[in-house]
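Visitor: One structure, as structure tokens, below. Some questions next.
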Amino acid sequence: MEATTVICVRHKGKVSIGGDGQVTMHATVIKHTAKKVRKLFKDRCLAGFAGATADAFTLFERFEKKLEQYNGNITRASVELAKDWRTDRSLRRLEALLIVADLEHTFVLSGTGDVVEPDDGVAAIGSGGAYAQAAAKALIKYTDMAASEIVRESMLIASEICIYTNDRIIIEEL
């Protein structure tokens with residue numbers, strides 16, 4: 001998945017998700033201030049997307065409905081969305097990835113049915129995801145920074161490396 005960076009860090013009892021604001025169309029930047037992360041379900045869940053914007057909005061909407069249906073149970077909502085995403089004809093064509101998190105769990109969701117919970121509380125998606133993830137792992141290990149600070153610094157590092165990621169970062173935290 002190209003054209004963005006979103007990272008989630010769970011550290012010191014907090015969970016933060018950050019995303020850059022750049023939207024590209026082919027080799028052209030068409031927006032600098034997109035909001036790719038948001039709070040859902042009574043501000044008890046965080047979500048971030050990488051991929052086609054319209055597809056991501058559809059997935060945010062569907063995921064929030066699943067959260068409501070399962071009373072905020074992020075694990076059940078994630079599994080049910082992944083099942084729908086994989087089996088529903090119209091959803092199957094969506095090109096996006098989601099990171100979702102609450103105070104207990106973090107999941108990466110994909111259209112192939114993946115619901116993956118990282119072992120170490122760090123997950124990243126998008127073209128700059130690997131850079132941000134590596135930076136976050138180092139910052140957790142070698143600094144005393146808070147989760148939101150780690151997200152910000154990791155995103156800034158990714159923005160210096162990935163041409164599809166900018167430094168206009170939005171962070172949400174629980």
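The values are calculated or read from the model by the stated rules, or taken from the named source; none is laboratory data. Model, not experiment: these values are computed from the prediction. Virtual Cβ from ideal backbone geometry, glycine too; neighbours counted across all protein chains shown.
Visitor: I'd like the full set of residues that are charged (D, E, K, R) and more than 12 Å from residue 155 (Cα to Cα), limited to the range 1-45. Lay out the reasoning, then the answer.
Guide: From the range 1-45, those charged (D, E, K, R) are 2, 10, 12, 14, 20, 31, 35-36, 38-39, 42-44; that's our starting set.
2, 10, 12, 14, 31, 35, 36, 38, 39, 42, 43, 44 - these are the residues of the range 1-45 that are charged (D, E, K, R) and more than 12 Å from residue 155 (Cα to Cα).
Visitor: Another one. Kindly indicate which of 82, 134 is among the small types (Gly, Ala, Ser), in contact with a Gly (Cβ under 8 Å, 6 or more places away or on another chain), without any contact (Cβ under 8 Å) to a residue 40 or more places away in the chain and surrounded by 15 or more Cβ atoms within 10 Å (Cβ to Cβ). Steps first, answer last, please.
Guide: On the way: 134 fails: in contact with a Gly (Cβ under 8 Å, 6 or more places away or on another chain).
Within the list 82, 134, the selection yields 82.
Visitor: Now for a different question. Restricted to the range 108-121, and to residues that are part of a strand (DSSP E or B) and surrounded by fewer than 24 Cβ atoms within 10 Å (Cβ to Cβ), which residue is nearest to the chain's Cα centre (by Cα)?
Guide: The initial filter retains those residues of the range 108-121 that are part of a strand (DSSP E or B), namely 108-109, 115-116.
With the extra rule that they be surrounded by fewer than 24 Cβ atoms within 10 Å (Cβ to Cβ), the set shrinks to 108, 115-116.
Details: 108: 8, 115: 13, 116: 12 Å.
Only one residue fits best here, namely 108.
Visitor: Something else about it: Looking at residue 60, is it closer than 18 Å to residue 171 by Cβ, part of a strand (DSSP E or B), among the aromatic types (Phe, Trp, Tyr) and modelled with pLDDT under 95?
Guide: Values: closer than 18 Å to residue 171 by Cβ: yes; part of a strand (DSSP E or B): no; among the aromatic types (Phe, Trp, Tyr): yes; modelled with pLDDT under 95: yes.
The answer is no for residue 60.
Visitor: Sticking with this one: Hey, does the range 77-87 have a residue that's modelled with pLDDT under 95 and polar (S, T, N, Q)?
Guide: For the range 77-87, residues modelled with pLDDT under 95 and polar (S, T, N, Q): present.
Visitor: What number goes with the only condition from (1) of a type outside the set (Phe, Trp, Tyr); (2) under 15 Å from residue 59 (Cα atoms); (3) in a helix (DSSP H, G or I); (4) at pLDDT 95 or above that residue 156 does not pass?
Guide: Residue 156 satisfies every listed condition except (2).
Visitor: Tell me the residue from 153, 160, 117, 61 that is in contact with a Phe, Trp or Tyr (Cβ under 7 Å, 6 or more places away or on another chain) and without any contact (Cβ under 8 Å) to a residue 24 or more places away in the chain, please. Step through it out loud before you land on a result.
Guide: Values: 153 fails: in contact with a Phe, Trp or Tyr (Cβ under 7 Å, 6 or more places away or on another chain); 160 fails: in contact with a Phe, Trp or Tyr (Cβ under 7 Å, 6 or more places away or on another chain); 61 fails: in contact with a Phe, Trp or Tyr (Cβ under 7 Å, 6 or more places away or on another chain).
One residue alone meets the criteria, 117.
Visitor: Here's another thing I want to ask about it. Can you tell me which residue among 93, 89, 76 is under 26 Å from residue 133 (Cα atoms), surrounded by fewer than 17 Cβ atoms within 10 Å (Cβ to Cβ) and not aliphatic (A, V, I, L, M)?
Guide: Details: 93 fails: under 26 Å from residue 133 (Cα atoms); 89 fails: under 26 Å from residue 133 (Cα atoms).
Matching residue, one of 93, 89, 76: 76.
Visitor: Do you know which of the residues in the range 139-173 that are under 18 Å from the mean Cα position of the chain (by Cα) and among the β-branched types (Val, Ile, Thr) is farthest from residue 100 (Cα to Cα)?
Guide: That would be 157.
Visitor: Could you tell me which numbered condition residue 71 fails, if it satisfies all but one of (1) in a helix (DSSP H, G or I); (2) modelled with pLDDT of 95 or more?
Guide: So the condition that residue 71 fails would be (1).
Visitor: With respect to residue 81, is the statement that it is in contact with a Lys or Arg (Cβ under 9 Å, 6 or more places away or on another chain) and in a helix (DSSP H, G or I) true? First the steps, then the outcome.
Guide: Values: in contact with a Lys or Arg (Cβ under 9 Å, 6 or more places away or on another chain): yes; in a helix (DSSP H, G or I): yes.
Criteria met by residue 81.
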